[in-house]
Amino acid sequence: MSISSGHTSSRRRLPLVLSAACSAGALLALSSPSASAVGPLTATATYDCGSWGSGVATLTAADSGTSKTIKITSTAITMPAGTSADPNSITTTLKLSKTSGGVTSEVQFSAKTNPGLSGGNPITLGPLKLTSGTLAAGDSTDSVVLPTPPGATNWSLQIVASSPTSATVPCVATTAQSAPFVW
């Protein structure tokens, strides 16, 4: 009798343990920040960066639910020959036009994140974090298209290298993105 009553009590405890584990898992899932969707994940736009070149850049967006970022890569925009940049020595700021409920404003993404680069290397900048303005679900962003040439006050993308080469490189978007990001 003791064998079967021990077996029966184990059966009774198992559903309780499973129920408690499932409840704890559900609570964790509800309390964890969920990733928000942004679409499309990548878009392209053409930028003129003066001595650093001009051409197509790929913008890759991400939204973790707590952080919105954009990474920029381009084989057409490169560091000039004879220059270099240490890892995380380039401050990059990207301006985007934001549309929310029919109202247009501007947001900026910025960071000091890059791999080491040398003359002729294609650029890889970011991920850049949303640093100015806000983005809510359903807001869209697109390149800020400006006339050429780029300048100190006329830029859509600004690259500031600090080590070992010092340079401030203003860039203008010459086309809108292939598709706006919808956050």
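The values are calculated or read from the model by the stated rules, or taken from the named source; none is laboratory data. These numbers were taken from a predicted model, which means no experiment stands behind them. Methodologically, a virtual Cβ is constructed for each residue, glycine included, from the backbone with ideal geometry; neighbour enumeration extends over all protein chains shown. Heavy atoms of the whole protein, side chains included, go into the accessibility calculation; ligands, DNA and RNA do not. Shrake-Rupley method; radii C 1.70, N 1.55, O 1.52, S 1.80 Å.
Give me a count of the residues in segment 55-69 that are under 15 Å from Ser143 (Cα atoms) and open to solvent by 50 Å² or more (accessible area, probe 1.4 Å). I'd like the intermediate steps shown before the answer.
At the first step, the residues of segment 55-69 found to be under 15 Å from Ser143 (Cα atoms) are 55-61, 69.
This time we only want the ones that are open to solvent by 50 Å² or more (accessible area, probe 1.4 Å), so: 56, 60.
Qualifying residue count for the region: 2.
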Residue in segment 70-95 that is farthest from the chain's Cα centre (by Cα), counting only those that are open to solvent by less than 10 Å² (accessible area, probe 1.4 Å) and under 25 Å from Phe181 (Cβ atoms) | Ile77
Lys98 passes all but one of (1) charged (D, E, K, R); (2) under 15 Å from Val182 (Cβ atoms); (3) open to solvent by 50 Å² or more (accessible area, probe 1.4 Å); which number fails?
-> (3)
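Just name the residue that is nearest to Cys171 (Cα to Cα) out of those in segment 37-54 that are part of a loop (DSSP other than H, G, I, E, B) and either open to solvent by 30 Å² or more (accessible area, probe 1.4 Å) or without any contact (Cβ under 8 Å) to a residue 60 or more places away in the chain (or both).
Step one: list which residues in segment 37-54 are part of a loop (DSSP other than H, G, I, E, B), which gives 37-38, 40-41, 49, 53.
Next, from what is left, pick out any that are either open to solvent by 30 Å² or more (accessible area, probe 1.4 Å) or without any contact (Cβ under 8 Å) to a residue 60 or more places away in the chain (or both): 37, 40-41, 53.
On the way: Ala37: 28, Pro40: 23, Leu41: 22, Gly53: 9 Å.
That would be Gly53.
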Go through (1) under 17 Å from Val182 (Cα atoms); (2) open to solvent by 40 Å² or more (accessible area, probe 1.4 Å); (3) in a strand (DSSP E or B) and name the single condition Ala136 misses.
-> (3)
Find all pairs meeting these conditions: Cβ atoms under 6 angstrom apart; at least six residues apart or on different chains; first residue within segment 148-171 and closer than 16 Å to Leu128 by Cα; second residue charged (D, E, K, R).
-> Ser156/Lys95
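Can you tell me which residue in segment 159-183 is most open to solvent (accessible area, probe 1.4 Å), limited to those that are outside any loop (DSSP other than H, G, I, E, B) and closer than 16 Å to Thr69 by Cα? Please lay out each step first, then the result.
If we filter segment 159-183 for residues that are outside any loop (DSSP other than H, G, I, E, B), which is where we start, we get 159-161, 164, 167-173, 181-182.
From what is left, the residues that are closer than 16 Å to Thr69 by Cα are 181-182.
Working: Phe181: 0, Val182: 69 Å².
Top of the filtered list is Val182.
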Taking segment 127-145 and keeping residues on the phi < 0 side of the Ramachandran plot, out of contact with any Lys or Arg (no Cβ under 9 Å at 6 or more places or on another chain) and of a type outside the set (S, T, N, Q) leaves Ala136, Ala137, Val145
